[in-house]
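Asks: One structure follows; several queries about it will come next.
The values are calculated or read from the model by the stated rules, or taken from the named source; none is laboratory data. Keep in mind it's a predicted model, so treat the numbers as computed, not measured. We place every Cβ from the backbone using ideal geometry, glycine too, and count neighbours over all the protein chains shown. Please note that ligands, DNA and RNA were not included when accessible areas were found on the heavy atoms of the full protein model with its side chains. Shrake-Rupley method; radii C 1.70, N 1.55, O 1.52, S 1.80 Å.
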Amino acid sequence: MYPIYPMYPMTMLSNWQRLLALLLLLLLLGTAIGILYTGPTEWSLVQEGAIARLLGRSTSWNPLLDERLPRLIVLICSGASLTLSGIITQSLFQNPLASPMSLGLTAGSSLCVLPLFLFGHHLSFPMLIPITAFLGALGTLLLVYTLAQEKGHVQLSTLLLTGMALSTVLSAIQGTFFYALREEWSLMQLLTEWAAGSTLDRTWQHVHLQLPLTLVGLLGCWSERHALNLLAAGEEEAFYLGVDVQQVRWRLFLSVSLLVGGAMAGVGMIGFFSLILPHFVRRWMGNAHQLLLPAGFLLGATTLSALDLTLRVIPLHAFSIGTLSSLLGGFFFLFLLTEQRERDVAC
Amino acid sequence: MISSHSRALTYLAAIGFIFSWWAVTLSSLQRAETPAVAPICPTTFFTSSHPFPHPFPPFVRAKWHRALTGDLRAMMELLAEWQVEAQCLEAQGEMCKDIPPFPQTNFLRAQELARRLLAREKGMDIPTPPYQWQEDDGGTPLNSASPPQRFLPQTELAAAILLTLCPFKQIVGLPARMRTLPLFPPDMLAAVPYDIDRHYSESLVSLKPDVAFIAHYTQPSTLQTLRQQQITPFLITRLNSLEEILDTILKIGHVVGQGEKAELLTLFVQAGLSTLDRRLAAHAPFPATPQHHPLYLQAFSTLYAPTQRSLAGQLAHRLKINQALDEEAGSGWTIPLSKEHIQHLAPTWIVFSLRDPQKNLSPLRLHPLLKGTPAALTNQIFAVEEAFQDSPTHFLLLAYYDLVALILPQVFDVSDLSDVSDDNAI
């Protein structure tokens, strides 16, 4: 049974919701400052170099302008994209376990990147990796949609099952490669690192690759916020209220693939955000998408940025941002479920 | 409901927006150049010619490689050359005072062993020492009624040592990956026809190996199968330093009844390392000045510097490379380096450990993380063959050779490409 939360119009945010939003905003600001400030180079040198660059007196590489700032933008875009894509997917399928992974987007993205590593193109053309990751996500969505079509229409249940089946097939193909190449230690290290996600050395190229995808994806999701509210009541009801269900669904999935593809291009594979963060957002904001989407943006951006800063300040070399987010998210989710169960029992 | 025309326009607008953004921004980023002015950085390591005129012929890698694959004559000749060189350099006094000398007794012992082994090869009746029973690295003694005769190496390390020490007919099979590595020439590898793979266990068992050399990562099911087929597993795990590798060579040598050859091989490796250190010291210290910051890197999804926990890191440390990273090493095997970190280190000389260095070095020279570093601006980025750098065997000597050859190309014959393997490491 999909949990039904009360729907609040925007003007009726409670005090604690406003406070939480403010706290998150402050946390995001603080984290952003931390990310821009933290690094091995002395701040005075960084500042000096940045000012010289901005005034046109220097063209040297500067850590603040050429690495930390692009990384911050990528983190904000990726965290927000993954969370929003999870919210949209769960809303469309009306299933709390749905995520872009269920549609095979991450598996398709990952499989498309694999040949680049296999043939050594990641050395010659490093920017091919994010481009291929995005194309893989988009291509997988198109394939899922094509396979799930029946007489020009797509049923949600069929879509979900097709996505899961395709995800299984793509993961199996990837697994076959991993097994066949298991003795190639260097390649295994490369693939393991890719699968774990990374925010190391994000540049303006990553920003410019991801940002337009994120902007179009966000706009696509935002423009359908009212349709999403209506779809929560059921497809038939939404149809009779004037929603072109097939078109809205297609546009939203396309937006999701742009968001996920952009995030894969920016940081690689990050678990937890698209599956678990939406649950936190719904508990916080309810089911109104005009609140859910901005809240998801804020929470996702803040969480990913905070995780990245944590890993830089506390050198936990055994963790990547992907593995840490999955681990923490899993524990939080278990806690949430336990608390929900106790609350239900108490009621 | 939106009409199909407006829908199409919306999609086109979105696609147009995305592609225009990419076209404008990515091409303008490509055009942006790093400053053409290189920082003040000497292009050679040696600021003055050394007063000692070097009388010795350049080293020939192919000969060293042949010796390491078990060529006794090559080993003997090289040992004799090194002994003479060591004596000449030590007579100079101050030059190599910081290099621990390789004892003359060890040189003499090595020559004695080489002569005994060559004489035995020619059929002369030279008595063999009694078989020495060994314990494996897990403390389990070798449990066999008689000295084992046939061997099954489950790991590349064991295979490399066996190929050097044993007659090929005693080796039942090789790990499949062994045939892709440039450690041994193809004709040597072809002499052992079987590849070790679980699907061929029947063929391998029919050849009746007595001992299987295993590692801590050998599959439990494989271990069980070996025991059921009366094949004694011999565990090798201690490979984390040069000393442990030399001990392992000796241990395996005694297990296969080639203790003398194993001892010769270990002495050869130690003498070779000492010779390389002495040659380097005889020219000039490396790094030459405090402004020189050499780095040893590995390329995966990002760039890494190996720590002293790994063998590559130990070799680098021996050459005083990666010194600036010593404090950050921690307990890991590698240190990931961000662009900021590399810019902060300002490396003046970089060597990569790569597979197929001749093919893979060129794109790394243009790696975005290295852009603007003194090493990139003065074209001081090099590569060595990963297979030797990562090999926890006697081929560590060639790994060290490759690094020293980059520092002192003038005393290494880099024109000699008639190597034992097709992939020249430099």
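Asks: Can you find a residue that is among the aliphatic types (A, V, I, L, M), in contact (Cβ under 8 Å) with a residue 60 or more places away in the chain and more than 13 Å from chain A (Cβ to nearest Cβ) anywhere in the stretch B:305-314? Spell out the reasoning first.
Replies: If we filter the stretch B:305-314 for residues that are among the aliphatic types (A, V, I, L, M), which is where we start, we get B:305, B:311-312.
Next cut, in contact (Cβ under 8 Å) with a residue 60 or more places away in the chain only: B:311-312.
In the following step, the residues that additionally are more than 13 Å from chain A (Cβ to nearest Cβ) were identified as B:311.
Checked the stretch B:305-314: at least one residue is among the aliphatic types (A, V, I, L, M), in contact (Cβ under 8 Å) with a residue 60 or more places away in the chain and more than 13 Å from chain A (Cβ to nearest Cβ).
Asks: A:Leu254: more than 30 Å from A:Leu311 (Cβ to Cβ), facing chain B (nearest Cβ under 10 Å) and either at pLDDT 85 or above or surrounded by fewer than 14 Cβ atoms within 10 Å (Cβ to Cβ) (or both), yes or no? Please lay out each step first, then the result.
Replies: On the way: more than 30 Å from A:Leu311 (Cβ to Cβ): yes; facing chain B (nearest Cβ under 10 Å): yes; either at pLDDT 85 or above or surrounded by fewer than 14 Cβ atoms within 10 Å (Cβ to Cβ) (or both): yes.
Here the answer is yes, as A:Leu254 does meet what is asked.
Asks: Would you call B:Ser353 of a type outside the set (A, V, I, L, M), crowded, with 22+ Cβ neighbours inside 10 Å, within 11 Å of chain A (Cβ to nearest Cβ) and on the phi < 0 side of the Ramachandran plot? Before you say what the answer is, go through the steps one by one.
Replies: Values: of a type outside the set (A, V, I, L, M): yes; crowded, with 22+ Cβ neighbours inside 10 Å: yes; within 11 Å of chain A (Cβ to nearest Cβ): yes; on the phi < 0 side of the Ramachandran plot: yes.
Answer is yes for this residue.
Asks: State yes or no: is A:Thr310 surrounded by 15 or more Cβ atoms within 10 Å (Cβ to Cβ), over 18 Å from the mean Cα position of the chain (by Cα) and in a helix (DSSP H, G or I)? Working first, answer last.
Replies: Numbers: surrounded by 15 or more Cβ atoms within 10 Å (Cβ to Cβ): yes; over 18 Å from the mean Cα position of the chain (by Cα): yes; in a helix (DSSP H, G or I): yes.
For A:Thr310, the condition - surrounded by 15 or more Cβ atoms within 10 Å (Cβ to Cβ), over 18 Å from the mean Cα position of the chain (by Cα) and in a helix (DSSP H, G or I) - is met.
Asks: Same structure, new question: What is the number of the single condition among (1) within 11 Å of chain A (Cβ to nearest Cβ); (2) farther than 16 Å from B:His292 by Cβ; (3) open to solvent by 10 Å² or more (accessible area, probe 1.4 Å); (4) of a type outside the set (Gly, Ala, Ser) that B:Leu345 does not meet?
Replies: (2)
Asks: How do the helices (runs of 4 or more DSSP H) wholly within the stretch B:165-257 filter down when requiring 1 or more residues that are within 21 Å of B:Trp133 (Cα to Cα): which remain?
Replies: Working: elements: B:186-190, B:201-206, B:220-228, B:242-255.
Once the helices (runs of 4 or more DSSP H) in the stretch B:165-257 are filtered for at least 1 residues that are within 21 Å of B:Trp133 (Cα to Cα), what remains is B:220-228, B:242-255.
Asks: So B:Asn379 passes all but one of these: (1) open to solvent by 20 Å² or more (accessible area, probe 1.4 Å); (2) not charged (D, E, K, R); (3) not in a loop (DSSP other than H, G, I, E, B). Which condition number does it fail?
Replies: (3)
Asks: Separate question: Which residues, counting only those in the stretch A:210-230, are facing chain B (nearest Cβ under 9 Å) and either within 15 Å of the chain's Cα centre (by Cα) or open to solvent by less than 10 Å² (accessible area, probe 1.4 Å) (or both)?
Replies: A:Leu211, A:Pro212, A:Leu213, A:Leu215, A:Val216
Asks: Got at least one residue in the stretch B:121-134 being assigned to a helix (DSSP H, G or I) and under 22 Å from B:Ala62 (Cα atoms)? Break it down stepwise before answering.
Replies: To start, the set of residues in the stretch B:121-134 that are assigned to a helix (DSSP H, G or I) comprises B:121.
Filter again for under 22 Å from B:Ala62 (Cα atoms), leaving none.
No: zero hits.
Asks: Within the group B:Ala114, B:Ala110, B:Ala119, which residue is without any contact (Cβ under 8 Å) to a residue 60 or more places away in the chain, within 20 Å of B:Phe268 (Cα to Cα) and not β-branched (Val, Ile, Thr)? It would help to see each step written out before you state the result.
Replies: Values: B:Ala114 fails: without any contact (Cβ under 8 Å) to a residue 60 or more places away in the chain; B:Ala110 fails: without any contact (Cβ under 8 Å) to a residue 60 or more places away in the chain.
Sole residue among the options that is without any contact (Cβ under 8 Å) to a residue 60 or more places away in the chain, within 20 Å of B:Phe268 (Cα to Cα) and not β-branched (Val, Ile, Thr): B:Ala119.
Asks: In addition: Going through the stretch B:134-155 one residue at a time, which ones are without any contact (Cβ under 8 Å) to a residue 60 or more places away in the chain and surrounded by 12 or more Cβ atoms within 10 Å (Cβ to Cβ)? Working first, answer last.
Replies: Going residue by residue through the stretch B:134-155, those that are without any contact (Cβ under 8 Å) to a residue 60 or more places away in the chain are B:135, B:139, B:141, B:145-146.
Once the filter is applied, which keeps residues that are without any contact (Cβ under 8 Å) to a residue 60 or more places away in the chain and surrounded by 12 or more Cβ atoms within 10 Å (Cβ to Cβ), the stretch B:134-155 yields only B:Glu135.
Asks: Related question: Of the residues that sit in the stretch A:175-195 and are open to solvent by 20 Å² or more (accessible area, probe 1.4 Å) and touching a residue at least 24 places away in the same chain (Cβ under 8 Å), which one is farthest from the other protein chains (Cβ to nearest Cβ)?
Replies: Taking the stretch A:175-195 and keeping what is open to solvent by 20 Å² or more (accessible area, probe 1.4 Å), we get A:175-189, A:192-195.
Remaining after also requiring touching a residue at least 24 places away in the same chain (Cβ under 8 Å): A:177, A:181, A:187, A:193-195.
Working: A:Phe177: 16, A:Leu181: 10, A:Leu187: 9, A:Glu193: 4, A:Trp194: 6, A:Ala195: 10 Å.
Here the answer is A:Phe177.
Asks: Is it true that some residue in the stretch A:44-63 is open to solvent by 40 Å² or more (accessible area, probe 1.4 Å), in contact (Cβ under 8 Å) with a residue 12 or more places away in the chain and among the aliphatic types (A, V, I, L, M)?
Replies: Start the filter on the stretch A:44-63 by keeping residues that are open to solvent by 40 Å² or more (accessible area, probe 1.4 Å), which leaves A:44-45, A:47-48, A:51, A:53-57, A:59-61.
Cutting the leftovers down to in contact (Cβ under 8 Å) with a residue 12 or more places away in the chain gives us A:47, A:53.
With among the aliphatic types (A, V, I, L, M) added as a condition, the list becomes none.
Checking the stretch A:44-63: not a single residue is open to solvent by 40 Å² or more (accessible area, probe 1.4 Å), in contact (Cβ under 8 Å) with a residue 12 or more places away in the chain and among the aliphatic types (A, V, I, L, M).
Asks: Next up: How many residues does the stretch A:24-43 hold that are open to solvent by less than 60 Å² (accessible area, probe 1.4 Å), without any contact (Cβ under 8 Å) to a residue 24 or more places away in the chain and either among the polar types (S, T, N, Q) or within 14 Å of another protein chain (Cβ to nearest Cβ) (or both)?
Replies: Residues of the stretch A:24-43 that are open to solvent by less than 60 Å² (accessible area, probe 1.4 Å), as a first pass: A:24, A:28, A:30-32, A:34-36, A:38-39, A:41.
Subsequent filtering for residues that are without any contact (Cβ under 8 Å) to a residue 24 or more places away in the chain retains A:30, A:41.
Still in the running and either among the polar types (S, T, N, Q) or within 14 Å of another protein chain (Cβ to nearest Cβ) (or both): A:41.
Qualifying residue count, the stretch A:24-43: 1.
Asks: Sticking with this one: Quick one: count up the residues across the stretch A:288-303 that are without any contact (Cβ under 8 Å) to a residue 60 or more places away in the chain and part of a loop (DSSP other than H, G, I, E, B).
Replies: Taking the stretch A:288-303 and keeping what is without any contact (Cβ under 8 Å) to a residue 60 or more places away in the chain, we get A:294.
Still in the running and part of a loop (DSSP other than H, G, I, E, B): none.
Number of matching residues: 0.
Asks: May I ask you to say which residue of A:Phe331, A:Phe297 is open to solvent by 60 Å² or more (accessible area, probe 1.4 Å) and touching a helix residue (DSSP H, G or I) at 6+ places or on another chain (Cβ under 7 Å)? Please lay out each step first, then the result.
Replies: Values: A:Phe331 fails: touching a helix residue (DSSP H, G or I) at 6+ places or on another chain (Cβ under 7 Å).
Testing whether each residue is open to solvent by 60 Å² or more (accessible area, probe 1.4 Å) and touching a helix residue (DSSP H, G or I) at 6+ places or on another chain (Cβ under 7 Å) leaves just A:Phe297.
Asks: Among the residues of the stretch A:200-209 satisfying the criterion of being more than 24 Å from A:Ile88 (Cβ to Cβ) and touching a residue at least 60 places away in the same chain (Cβ under 8 Å), which is farthest from the other protein chains (Cβ to nearest Cβ)?
Replies: A:Arg202
Asks: Another question, if that's okay. What number goes with the only condition from (1) modelled with pLDDT under 55; (2) within 14 Å of chain A (Cβ to nearest Cβ) that B:Arg31 does not pass?
Replies: Among (1) modelled with pLDDT under 55; (2) within 14 Å of chain A (Cβ to nearest Cβ), the lone unmet condition for B:Arg31 is (1).
Asks: Restricting the search to the stretch B:395-414, which residues are in a helix (DSSP H, G or I), surrounded by fewer than 21 Cβ atoms within 10 Å (Cβ to Cβ) and either at pLDDT below 80 or of a type outside the set (A, V, I, L, M) (or both)?
Replies: Our first condition is that a residue be in a helix (DSSP H, G or I); within the stretch B:395-414, this holds for B:396-407, B:409-411.
Imposing the further condition that a residue be surrounded by fewer than 21 Cβ atoms within 10 Å (Cβ to Cβ) reduces the set to B:406, B:409-411.
Answer for the stretch B:395-414, where residues must be in a helix (DSSP H, G or I), surrounded by fewer than 21 Cβ atoms within 10 Å (Cβ to Cβ) and either at pLDDT below 80 or of a type outside the set (A, V, I, L, M) (or both): B:Pro409, B:Gln410, B:Val411.
Asks: Looking only at residues in the stretch A:133-174 that are without any contact (Cβ under 8 Å) to a residue 24 or more places away in the chain and outside any helix (DSSP H, G or I), which one is most open to solvent (accessible area, probe 1.4 Å)?
Replies: Restricting to residues being without any contact (Cβ under 8 Å) to a residue 24 or more places away in the chain and outside any helix (DSSP H, G or I), the top hit is A:Lys151.
Asks: Here's something else I'd like to know. Which residue pairs have Cβ atoms under 6 Å apart, sit 6 or more places apart or on different chains, and have a first residue in the stretch A:229-244 that is within 11 Å of A:Ser91 (Cα to Cα) and a second that is open to solvent by 40 Å² or more (accessible area, probe 1.4 Å) and in a loop (DSSP other than H, G, I, E, B)?
Replies: What qualifies is A:Leu230/A:Leu241.
Asks: Based on this model, can you work out whether B:Leu118 counts as at pLDDT 90 or above, open to solvent by less than 20 Å² (accessible area, probe 1.4 Å), closer than 15 Å to B:Gln258 by Cβ and not acidic (Asp, Glu)? Quick ask: steps written out before the conclusion?
Replies: Working: at pLDDT 90 or above: yes; open to solvent by less than 20 Å² (accessible area, probe 1.4 Å): yes; closer than 15 Å to B:Gln258 by Cβ: yes; not acidic (Asp, Glu): yes.
Judged against the criteria, B:Leu118 is a match.
Asks: Output yes when any residue across the stretch A:114-129 is over 29 Å from B:Leu364 (Cβ atoms), within 14 Å of chain B (Cβ to nearest Cβ), in contact with a Ser or Thr (Cβ under 8 Å, 6 or more places away or on another chain) and not β-branched (Val, Ile, Thr), and no when none is. Steps first, please.
Replies: The initial filter retains those residues of the stretch A:114-129 that are over 29 Å from B:Leu364 (Cβ atoms), namely none.
Checked against the condition, which is being over 29 Å from B:Leu364 (Cβ atoms), within 14 Å of chain B (Cβ to nearest Cβ), in contact with a Ser or Thr (Cβ under 8 Å, 6 or more places away or on another chain) and not β-branched (Val, Ile, Thr), the stretch A:114-129 yields no hits at all.
Asks: Based on this model, can you work out whether B:Leu89 counts as crowded, with 17+ Cβ neighbours inside 10 Å, over 24 Å from the mean Cα position of the chain (by Cα) and either modelled with pLDDT under 80 or among the hydrophobic types (A, V, I, L, M, F, W, C) (or both)?
Replies: Details: crowded, with 17+ Cβ neighbours inside 10 Å: yes; over 24 Å from the mean Cα position of the chain (by Cα): yes; either modelled with pLDDT under 80 or among the hydrophobic types (A, V, I, L, M, F, W, C) (or both): yes.
For B:Leu89, the condition - crowded, with 17+ Cβ neighbours inside 10 Å, over 24 Å from the mean Cα position of the chain (by Cα) and either modelled with pLDDT under 80 or among the hydrophobic types (A, V, I, L, M, F, W, C) (or both) - is met.
Asks: Oh, and also: Could you please give the count of residues in the stretch A:83-123 that are at pLDDT 85 or above and in contact with a Gly (Cβ under 6 Å, 6 or more places away or on another chain)?
Replies: 8
Asks: For B:Tyr296, indicate whether it is within 28 Å of B:Pro100 (Cα to Cα), among the aromatic types (Phe, Trp, Tyr) and not in a helix (DSSP H, G or I).
Replies: So B:Tyr296 passes the test.
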